[in-house]
Amino acid sequence: MDCPDATTWLGGGSDDAGFVQIMEGHTTDAQRLRELMIAAGDKLPGVRPEIIGGTFRSAGDGGYVEAVYFTTESEARAHEKITVPDDLRSLFEEEGPLMGEVDYFDLREPMLVSASR
């Protein structure tokens with residue numbers, strides 16, 4: 001998928017990630033989905049400290065790809081079960097329907113090397 005429109009949140013991707021989850025789907029409003037991800041990303045560190053950052057790319061036809069970078073898969077799975085604070089819950093409740101049907105791809109042993117290394 002060619003995605004000319006890319007956004008990072010919480011600093012984007014990281015070579016230090018021990019686990020990366022890729023989500024691919026279609027949305028009716030990529031701009032609003034992007035806004036919600038950025039807004040949620042600003043509030044995540046206090047609730048989900050294992051999330052290092054993420055990227056969101058839209059293809060222009062409603063298709064999108066999001067990558068979330070975690071410290072480890074075990075920490076990501078453990079924190080999936082936490083109670084979400086009200087300020088984040090409202091963002092997630094709006095985000096869910098916009099994400100549509102999502103295909104998940106888990107990279108359990110990512111080999112990431114940024115251009116700066």
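Counting only DSSP H runs of at least 4 residues, each contributing -39500 (n - 2.57), and dividing by the residue count of the chain, the helix-based mean residue ellipticity at 222 nm comes to -9000 deg cm²/dmol.
Placing dummy labels 7 Å off each Cα toward the beta-carbon, the span from I22 to E93 is 3.3 nm.
Amide H contacts of G53 (H built 1.01 Å from N, in plane; Pro and chain starts excluded): Y69 sit under 5 Å, all sequence-distant by 5 or more or on other chains.
Rolled with a 1.4 Å probe across the full set of protein chains, the surface gives V65 an accessible area near 30 Å². Residue-wise HN-Hα couplings along the stretch 91-106, as the Karplus relation 6.51 cos²θ - 1.76 cosθ + 1.60 with θ = phi - 60° gives them from phi, are 5, 5, 5, 6, 5, x, x, 5, 6, x, 6, 10, 9, 10, 10, 9 Hz; Gly and Pro carry x.
Placing L107, L112 in order of accessible area, with the largest value first and a 1.4 Å probe, yields L107, L112.
Taking the 1.4 Å solvent-accessible surface of the stretch 54-98 as the whole, the part contributed by carbon and sulfur is 53%.
The residue among L36, T71, Q21 whose Cα reaches farthest toward the positive pole of the charge dipole of the chain, with charges on the beta-carbon of Lys, Arg, Asp and Glu, is T71. Protein-only accessible surface at a 1.4 angstrom probe places the residues Y64, Y69, Y104 in the order Y104, Y69, Y64, largest first. Taken one residue at a time, the phi angles of the stretch 14-19 give Karplus couplings (6.51, -1.76, 1.60, θ = phi - 60°) of 8, 5, 7, 5, x, 7 Hz. Gly and Pro are set to x.
So for the stretch 53-115, Kirkwood radius off the Cα pairs, Stokes-Einstein at 37 °C and 0.692 mPa s: how many µm² s⁻¹? Translational diffusion coefficient: 232 µm²/s. Accessible area per residue was computed with a 1.4 Å probe on protein heavy atoms; M23 scores about 20 Å². In order along the stretch 83-90, phi translates into HN-Hα couplings of 7, 7, x, 3, 5, 7, 4, 5 Hz, rounded to whole numbers, per the Karplus curve 6.51 cos²θ - 1.76 cosθ + 1.60 with θ = phi - 60° and x for Gly and Pro. Of the residues E35, E95, the one with the largest accessible area comes first in the ranking E35, E95, computed with a 1.4 Å probe on protein heavy atoms. Based on protein heavy atoms only, the stretch 1-112 ends up with 54 Å² per residue of surface accessible to a 1.4 Å probe. Take the Cβ atoms of I82 and D2, set R0 to 41 Å, and the FRET efficiency comes out at 0.70.
Amide H contacts of D5 (H built 1.01 Å from N, in plane; Pro and chain starts excluded): S58 sit under 5 Å, all sequence-distant by 5 or more or on other chains.
With R₀ fixed at 22 Å, the C-beta to C-beta distance from D29 to Y104 puts the FRET efficiency at about 0.55.
Would the chain count as rounded, prolate or oblate if I go by the C-alpha gyration tensor, calling it rounded below 1.5 in a/c and otherwise prolate when a/b exceeds b/c, oblate otherwise? Taking the square roots of the gyration eigenvalues as a ≥ b ≥ c, the chain is oblate.
The values are calculated or read from the model by the stated rules, or taken from the named source; none is laboratory data. These numbers come from a predicted model, not from an experiment. FYI the Cβ positions are ideal-geometry reconstructions off the backbone, even for glycines, and counts take in every protein chain you see. Side chains included, ligands, DNA and RNA excluded: accessible areas come from the protein's heavy atoms. Shrake-Rupley method; radii C 1.70, N 1.55, O 1.52, S 1.80 Å.
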